[in-house]
Amino acid sequence: MTIPAGTNRLLLVTVHIEDSDGSGNGAEVESVRLGQRPLARVPEVGRVVDRQSNKQNLVELWYLNETGIAAVENGEIQVRLSRKPAETPFYTHAFFSGVDQRIPFGPSAKSTGGRQRVTVGPVFAQTGALAVAACDLGDDVKVDVKNASRGVTDGDSSHAILTAFANGADADLSVTLELSSRADRQATSLVVLNPAR
């Protein structure tokens with residue numbers, strides 16, 4: 001993988017797992033690495049899991065800051081799981097530049113459960129901040145970002161979505177998910193990336 005140039009970079013990796021072992025417990029993320037450098041789980045909302053009687057939806061966010069990125073000339077992202085899940089896991093990643101290295105994460109919110117319309121947030125973001133939402137979903141979904149501009153979405157709409165969006169002024173940001181039915185389940189994490197000072 002080519003590591004993009006930049007300053008005050010932050011690598012964010014999301015892991016999305018739908019799993020069922022009959023007990024509601026599923027595969028767990030043991031570690032994430034870029035080359036030989038270990039990533040850390042995002043505080044507060046780095047692990048969001050929705051467990052039901054026989055299935056779980058899991059989303060995890062892991063990160064590496066500028067010091068760790070600079071130490072890797074090139075390398076692949078490696079995710080180690082506790083066991084093979086019933087469904088193929090999905091991974092996304094993005095490099096961001098201009099992120100505060102001392103306190104990279106700002107306000108956050110999370111959501112789990114089954115409702116047809118789910119709003120995650122709001123979280124306050126100062127001018128120029130970037131917010132990232134990662135979701136693991138049971139079925140097709142539409143994403144609506146409130147009070148933001150320059151959005152980008154990546155992922156498989158039936159399982160995993162990574163959305164990044166920025167605001168042009170201080171604002172409360174939220175993400176609304178429109179699931180195809182009330183039976184669908186979701187696990188969603190929303191976190192603000194603080195701009196470098």
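The values are calculated or read from the model by the stated rules, or taken from the named source; none is laboratory data. For clarity, every value in this text was computed on a predicted model and none was experimentally measured. Reconstructed Cβ throughout: ideal geometry from the backbone, glycine too, with neighbour counts over all protein chains shown.
Numbers at a glance
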{"quantity": "Conditions (1) over 18 Å from the mean Cα position of the chain (by Cα); (2) modelled with pLDDT under 80; (3) assigned to a strand (DSSP E or B): number failed by D172", "calculated": "(2)"}
{"quantity": "Single residue of the stretch 15-39 satisfying the filter (in contact with a Phe, Trp or Tyr (Cβ under 6 Å, 6 or more places away or on another chain) and modelled with pLDDT of 95 or more) that is farthest from T92 (Cα to Cα)", "calculated": "L39"}
{"quantity": "Qualifying residue in the stretch 81-96 (condition: over 24 Å from V192 (Cβ atoms), surrounded by 19 or more Cβ atoms within 10 Å (Cβ to Cβ) and touching a strand residue (DSSP E or B) at 6+ places or on another chain (Cβ under 9 Å))", "calculated": "yes"}
{"quantity": "Residue match in the stretch 139-162 (condition: modelled with pLDDT of 80 or more, closer than 14 Å to V192 by Cα and surrounded by 15 or more Cβ atoms within 10 Å (Cβ to Cβ))", "calculated": "no"}
